[in-house]
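Structure first, commentary second.
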Amino acid sequence: MNMVEKNKIGLVLASIHTGSACGVWSHFARAAMDEKTSLFVFPGGKLNAEDNMEYLRNPIYSLANAQNLDGLISWSSSIGCSSLSELSDFHRHFGDLPHTTISDKLEGHPCVRFDAYDGMKSLTRYFIQTGSRNIAFLRGPSSHHSAMDRYQGFRDAVSESGLSCNERLISDPFDWARGASACVQLFAARGLRPTQDFDTLIGSSDLMTLPAALYLQKQGFPPDSYRIGGFNNSIESQIIPFSTVEIPYTKMSAESFKILKALMGDPKHDVRDVTLPCRLVVRPSERRSGTQEKLNLQGGEAFADALILNINRGGGGTKEALPRNGYEIMYGDT
């Protein structure tokens, strides 16, 4: 058996066509090329999820096994497990197949994480240091470890800046795909208004932030009337450009392959967990100069609606499809 045949690596994740997942798998594909290994991707959907009938894809996971693969990388936090025990049960069917996880830690297996807490804290601190005083926050799912880290990072940044957390400005936990619903809770149920009750809106992910901003635009509050932030630096943050946090997927994929190859060489190899820093991304829309090019909001909204519809139907957007408005990514300090 040659070297390539011994290095068949699987990547297990819920999706390759929504949110940050649109670009995640390509980083692992590049890492596989660098390591001269074969990569097989298993986008099996969230477990038992009825939304978009994701449960119909769950059987894909059964193909990720020791008969087909030599090693496995699991983006465990994307699978949609409601508890650590459910997550452990899911991974138990991989048996003795060497595997490492991303984001969610499993006992006995190394994990590669990104520092979501510090990433959200940096974004929130940036907004406060540049004038924000009343920040509304859209919470992600309470069962998601990274979503909870982001929420805590937000709260700590606010309190450490000498401001108080206004609980009315913080939504209940919502699924990643329910950003508009989270915003409806603030706007319709609680009667909160941009510019009057909050000057900044931060979503736990870009996937939540974009539909929330589009909802507020339809209520008469255009995105340039308040400040907007998200998390992931996914395609959604480039439609109505807003500041966000970039997850270091290139480094995460490289570290995952490094760890996995060590385990494949020696299953008892002592491999430590790895936590990588995120990077703050400040969009040019934050530089409110008179010469700053403006986004065509009507065209941007139409494109966003089309993209969201495409994603909901199971399609995927690409960066090449974005309106070419000459925007550049501006990086600040983490």
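The values are calculated or read from the model by the stated rules, or taken from the named source; none is laboratory data. This one's a predicted model, so the numbers in the text were calculated from it and none came from an experiment. Please note: Cβ atoms are built from the backbone with ideal geometry, for glycine as well, and neighbour counts cover all protein chains shown.
The residue that is surrounded by the fewest Cβ atoms within 10 Å (Cβ to Cβ), among those in segment 15-39 that are modelled with pLDDT of 85 or more and assigned to a loop (DSSP other than H, G, I, E, B), is Lys36. Evaluating Cys278 against the criteria (1) in contact with a Gly (Cβ under 9 Å, 6 or more places away or on another chain); (2) farther than 30 Å from Leu72 by Cβ; (3) at pLDDT 90 or above leaves one unmet condition, (2). Taken over segment 108-125, the residue count meeting the criterion of being within 23 Å of Asp70 (Cβ to Cβ) and assigned to a helix (DSSP H, G or I) is 0.
With the condition kept exactly as written, say whether any residue in segment 82-89 is assigned by TED's automatic domain parsing to the domain that holds Met252, of a type in the set (Asp, Glu) and either out of contact with any strand residue (DSSP E or B) (no Cβ under 9 Å at 6 or more places or on another chain) or within 18 Å of Ala21 (Cα to Cα) (or both).
Step one: filter segment 82-89 for residues assigned by TED's automatic domain parsing to the domain that holds Met252, giving 82-89.
If we keep only those that are of a type in the set (Asp, Glu) too, we end up with 86, 89.
Subset that is either out of contact with any strand residue (DSSP E or B) (no Cβ under 9 Å at 6 or more places or on another chain) or within 18 Å of Ala21 (Cα to Cα) (or both): 86, 89.
Yes.
Residue-level analysis places Val12 outside the set of residues that are surrounded by fewer than 21 Cβ atoms within 10 Å (Cβ to Cβ) and assigned to a strand (DSSP E or B).
Could you check, for segment 46-54, whether at least one of its residues is crowded, with 20+ Cβ neighbours inside 10 Å, in contact with a helix residue (DSSP H, G or I) (Cβ under 7 Å, 6 or more places away or on another chain), modelled with pLDDT of 85 or more and of a type in the set (A, V, I, L, M)? Looking through segment 46-54, none of the residues is crowded, with 20+ Cβ neighbours inside 10 Å, in contact with a helix residue (DSSP H, G or I) (Cβ under 7 Å, 6 or more places away or on another chain), modelled with pLDDT of 85 or more and of a type in the set (A, V, I, L, M).
Looking only at residues that are buried (at least 22 other Cβ atoms within 10 Å of the Cβ) and over 18 Å from the mean Cα position of the chain (by Cα) in segment 182-199, which one is farthest from Gly153 (Cα to Cα)? Give the steps one after another, and end with the answer.
Taking segment 182-199 and keeping what is buried (at least 22 other Cβ atoms within 10 Å of the Cβ), we get 182-183, 186, 194, 198.
From what is left, the residues that are over 18 Å from the mean Cα position of the chain (by Cα) are 183, 186, 194, 198.
On the way: Cys183: 20, Leu186: 21, Pro194: 22, Phe198: 19 Å.
Out of the qualifying residues, it is Pro194.
All but one of (1) over 22 Å from the mean Cα position of the chain (by Cα); (2) assigned to a loop (DSSP other than H, G, I, E, B) hold for Lys105; which doesn't? Just one mismatch for Lys105, condition (1).
Strands (runs of 3 or more DSSP E) wholly in segment 194-250 with at least 2 residues that are of a type in the set (A, V, I, L, M) - which ones? First the steps, then the outcome.
Working: elements: 200-203, 227-229, 244-246.
So the answer is 200-203.
Residues being touching a strand residue (DSSP E or B) at 6+ places or on another chain (Cβ under 8 Å), among the basic types (Lys, Arg) and at pLDDT 95 or above are entirely absent from segment 149-169. Filtering segment 136-166 to residues that are within 18 Å of Arg227 (Cβ to Cβ) and of a type in the set (Gly, Ala, Ser) leaves Ala136, Gly153, Ala157, Ser161. Within segment 57-68, can one find any residue that is among the aliphatic types (A, V, I, L, M), surrounded by fewer than 21 Cβ atoms within 10 Å (Cβ to Cβ) and in contact with a strand residue (DSSP E or B) (Cβ under 8 Å, 6 or more places away or on another chain)? Yes, some residue in segment 57-68 is among the aliphatic types (A, V, I, L, M), surrounded by fewer than 21 Cβ atoms within 10 Å (Cβ to Cβ) and in contact with a strand residue (DSSP E or B) (Cβ under 8 Å, 6 or more places away or on another chain). Comparison of Gly108, Gly119, Gly162 shows that the only residue that is more than 29 Å from Gly191 (Cβ to Cβ) and surrounded by fewer than 20 Cβ atoms within 10 Å (Cβ to Cβ) is Gly108.
Scanning segment 45-77 for residues that are outside any loop (DSSP other than H, G, I, E, B) and either more than 17 Å from Ile9 (Cβ to Cβ) or aromatic (Phe, Trp, Tyr) (or both) yields Asp51, Asn52, Met53, Glu54, Tyr55, Leu56, Arg57, Asn58, Pro59, Tyr61, Ser62, Ser77.
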